[in-house]
Each structure stands twice: as C-alpha cells, then as structure tokens.
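Reading through the structure tokens given below for one structure.
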Amino acid sequence: MIPNNIQSQFPILDTQVHGHPLVYLDNAATTQKPQSVIEALDDYYRTLNSNIHRGAHHLAAAATERYEAVRRQVQHLINARHSHEIVFTRGTTESINLVASSFSKRYFTGDDEVIVSGMEHHSDIVPWQLAGATLRPIPFSDEGVLDLETYEKLFSSKTRIVAVNHVSNTLGTVNPVAEIIRIAHNHGVPVLIDGAQSISHLKVDVQALGCDFYCFSGHKMYGPMGVGVMYGREEILNELPPYQGGGEMIENVTFERTTYNQLPFKFEAGTPSVGDVIGLGVAIDFMQEVGVDNIAAHEDDLLRYATEGLSRIPGVRIFGTAPQKTSVLSFLVGDAHPYDIGTLLDQLGIAVRTGHHCTQPIMDRYHIPGTVRASFAVYNTREEVEVFLKALERVLPLLG
C-alpha cells in the first residue's frame with residue numbers, strides 16, 4: 001500500500017500553476033524529489049562538503065564514506081556481484097556514451113554493427129553512431145511489441161553489441177530483456193540495457209538478467225539530477241579503456257606514460273557530484289521504504305484507470321498498447337497538435353510532455369509528428385487522473 005500522506009513528502013506538489021493546483025504527469029521526463037532527498041543535499045553542503053578519496057582530513061574521509069556507501073547501496077539495489085561494478089556518471093546518457101566510447105575503442109574494427117530496438121531513445125542511438133557503427137533496428141508491432149523472430153536474424157559476424165531499453169519512454173512497453181540477452185549471448189554478443197525508465201518501476205536483478213551493462217539516472221527515481229549509474233560486469237570493464245582522463249582515474253602519471261586506477265575509479269575522472277550521489281542513496285531509501293512492488297502496483301492501477309478514461313474520449317488514439325507496460329500513456333486526439341494540447345492543459349495546472357520524446361524513429365514508424373505523454377509516479381492519484389481527463393475534454397473544443 002502507498003502511504004496516504006505520500007504527496008506531503010513532496011514540497012513541489014503544493015505549487016499553484018496559473019491559479020490551479022499542480023497535477024504533475026511528466027514523470028517519465030523526471031520525477032519530483034521527496035523532502036528527505038532535498039534535506040540530504042542541503043545537509044551535505046552545510047556540514048560535509050569536501051572533495052573525496054584524496055583528502056586526509058575529517059570532512060574528506062566522512063564524505064568519501066558516504067559516497068562509497070551509496071555505491072554499495074546501488075550494488076544491492078540491482079544485485080551486482082561487486083560494488084566496483086558500479087560506476088557513477090551524470091546520468092543514463094553519459095553512461096551509454098561511456099560504454100559506446102570505451103567499448104568501440106576496444107572492440108570495433110571499422111566494419112561494425114550494433115543491434116538496437118526500433119523504440120530506442122536518441123541517447124541509445126547517437127552514441128553508437130558517433131562510435132562509427134551501423135545500426136540494425138529491431139522492428140516492433142503497431143501495439144509496440146518487439147519482433148524477436150526478426151531480432152534473431154539481425155546477427156552477423158559484424159555484430160558487436162546489442163543495446164536496448166528495458167522500458168520504452170514513449171510507448172511504456174516492458175521489453176523482454178531477459179530473452180533478448182539470452183539470444184545475444186547465444187551469438188557471443190554482449191548486451192547493454194538502458195534502464196532509465198525501468199529502475200523506478202521494476203525490480204532489477206542484473207545477475208538474473210545476465211546483462212553486461214545496465215544504465216540508469218537518479219532523477220527518474222526520485223533522486224537528484226546530475227547523477228547516474230553505469231553497471232558493467234567486472235570482466236568486461238577490466239578490458240575497456242578509460243572514457244575520460246584526470247583525477248581519480250589515474251594510478252601513476254609521467255610525461256612518458258600513464259597507468260590507470262582499478263575499478264571503478266578507472267571510469268570516474270575528475271571531481272564527482274558527491275552531494276547528488278548522497279541524494280541518490282536517500283532516494284533509494286525512499287523507494288525501498290515504500291516498496292518497489294507497491295510503487296509498481298499503484299502506477300499500474302493509475303495506468304489502467306487513465307487508459308480506460310482516455311479511451312472514452314472521441315478521437316483519441318493511444319500509442320503503445322503492449323500487454324506488458326509501465327505507467328506511460330502517449331496519445332493524440334483527432335487532428336489536434338500535441339503541443340497545442342499540452343499548452344492548454346498547462347493553463348489548467350496539468351503538466352504533460354509533448355513532442356517526439358527523443359524517439360523520432362517511433363514517430364516515423366507511426367507517421368506522426370509527436371504525441372502528448374502523461375506518465376505517472378508514486379505520488380499521483382486517481383483523483384488527479386480525473387482532473388486530467390476532465391481538463392482534456394474541456395480544452396479539446398478550443399482546438400477546432
């Protein structure tokens with residue numbers, strides 16, 4: 001069960017927008033932060049601010065311990081074998097860029113292919129293109145279900161890695177990543193999973209999945225912006241060259257040559273965002289106190305309720321109707337432009353996302369310019385869904 005006072009833990013939800021109470025339905029873009037996370041950030045900068053790992057003084061030691069404690073916390077959250085398989089980054093995008101850059105330097109030969117899904121976020125498309133790969137997309141059905149039969153046929157001697165999202169940020173589809181990983185490994189190909197949209201909705205066990213990399217962001221799981229995680233299996237991380245140079249990633253430097261630090265520090269160049277990492281740890285505490293299963297059940301209820309209500313509005317087209325979905329609802333109404341719908345809803349205090357959601361190939365697949373996207377989190381309610389639906393019915397006549 002979700003606590004009745006859950007909304008009171010999120011100060012921003014008291015905001016008034018254009019004279020209306022805020023109804024925040026843009027959680028796939030970023031979740032709001034509970035008071036405990038905000039206080040953790042404040043406390044760090046008031047009482048603990050220091051650079052970590054290299055200082056001999058009290059603040060440096062205390063900050064280092066808090067930072068490394070969160071690494072162990074993330075290890076347990078996703079059931080990694082070792083804490084040194086957890087690398088802190090600025091977010092999912094940097095995590096994927098790190099893997100694409102380092103992996104390509106180690107394993108690409110100049111004639112390389114990467115299998116991705118047709119529903120990838122741009123952050124899991126562009127880094128591989130920058131690395132010089134040819135992308136082989138897995139097609140998906142009108143409902144938003146990946147075609148695994150075609151997927152198996154995409155492998156060749158040129159296939160270097162498979163990179164797919166666990167959950168689509170536009171369609172809400174929960175992809176069968178365990179099966180995707182099994183098939184790839186049968187071909188001797190490693191797999192990266194973009195977990196940006198799954199980490200706050202599903203229990204993740206990287207050992208059970210068998211993935212080689214798993215990437216996610218703090219700000220989509222009730223934590224701060226500016227912090228993320230790249231999990232990588234120890235064996236493969238040891239084979240990869242560093243992504244950036246400087247700071248803690250070095251072991252020894254001369255003008256002739258440099259040797260690199262052990263894991264995970266080899267991939268953590270420069271001063272990290274220590275306060276944000278500590279805030280991430282508190283966000284994990286929040287999720288575990290509420291219960292990830294409870295969060296998922298609550299969001300699934302809201303998704304069903306909103307889908308049923310939205311389907312009763314004439315002219316609505318919902319994109320993403322896979323049997324396995326998380327709390328993302330993308331739609332259009334008649335010929336109304338998504339931006340116009342979003343702007344009018346904002347005037348009534350309702351925050352939704354409009355546009356292509358950094359998934360232009362999905363929009364091309366459906367021959368549309370974009371969608372309106374409502375996405376739900378632990379603090380949303382059925383009452384807010386009703387407000388959203390009534391507001392949508394109110395604004396549609398204004399669109400002609």
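The values are calculated or read from the model by the stated rules, or taken from the named source; none is laboratory data. This is a predicted model, so every value here is computed, not measured. A quick note on method: Cβ atoms are made from the backbone with ideal geometry, for glycine too, and the neighbour counts reach across all protein chains shown. Remember, those area values only see protein heavy atoms, side chains included, never the ligands or the DNA or RNA. Shrake-Rupley method; radii C 1.70, N 1.55, O 1.52, S 1.80 Å.
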Check: Within the stretch 141-157, can one find any residue that is of a type in the set (Lys, Arg) and under 22 Å from Tyr231 (Cβ atoms)?
Finding: no
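Check Gly218, Gly172 and return the single one that is touching a strand residue (DSSP E or B) at 6+ places or on another chain (Cβ under 9 Å), in contact (Cβ under 8 Å) with a residue 12 or more places away in the chain, on the phi < 0 side of the Ramachandran plot and open to solvent by less than 10 Å² (accessible area, probe 1.4 Å).
Details: Gly172 fails: on the phi < 0 side of the Ramachandran plot.
Just one listed residue meets the conditions, Gly218.
Inside the stretch 244-346, counting only strands (runs of 3 or more DSSP E) that do not spill past its ends, which hold 3 or more residues that are open to solvent by less than 30 Å² (accessible area, probe 1.4 Å)? It would help to see each step written out before you state the result.
Working: elements: 250-253, 258-260, 316-319, 328-333.
Counting at least 3 such residues, we get 328-333.
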Notebook entry, point to check: Can you find even one residue in the stretch 227-244 that is modelled with pLDDT of 95 or more and small (Gly, Ala, Ser)?
Noted result: yes
Check: Hey, among Ile38, Ile2, Ile6, Ile12, which residue is at pLDDT below 95, within 26 Å of the chain's Cα centre (by Cα), farther than 24 Å from Gly270 by Cβ and surrounded by fewer than 20 Cβ atoms within 10 Å (Cβ to Cβ)?
Finding: Ile2
Next item on the list: Please work out if Gly349 is touching a strand residue (DSSP E or B) at 6+ places or on another chain (Cβ under 8 Å) and more than 17 Å from Phe331 (Cβ to Cβ).
Entry: yes
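Against the definition (surrounded by 15 or more Cβ atoms within 10 Å (Cβ to Cβ) and not in a helix (DSSP H, G or I)), how does Ala100 come out, yes or no?
Working: surrounded by 15 or more Cβ atoms within 10 Å (Cβ to Cβ): yes; not in a helix (DSSP H, G or I): no.
For Ala100, the condition - surrounded by 15 or more Cβ atoms within 10 Å (Cβ to Cβ) and not in a helix (DSSP H, G or I) - is not met.
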Check: Do you know which residues across the stretch 54-65 are surrounded by fewer than 18 Cβ atoms within 10 Å (Cβ to Cβ) and either touching a residue at least 40 places away in the same chain (Cβ under 8 Å) or assigned to a helix (DSSP H, G or I) (or both)?
Finding: Arg54, His58, Leu59, Ala60, Ala61, Ala62, Thr64, Glu65
Notebook entry, point to check: Does Arg46 count as open to solvent by 90 Å² or more (accessible area, probe 1.4 Å) and either in contact with a Pro (Cβ under 7 Å, 6 or more places away or on another chain) or modelled with pLDDT of 95 or more (or both)?
Noted result: yes
Item checked: Pairs, first farther than 16 Å from Met230 by Cα and small (Gly, Ala, Ser) in the stretch 265-284, second open to solvent by 10 Å² or more (accessible area, probe 1.4 Å) and at pLDDT below 95, C-beta under 8 Å, six or more apart -> Gly270/Gln244; Gly270/Gly246; Gly270/Gly247; Gly270/Glu248
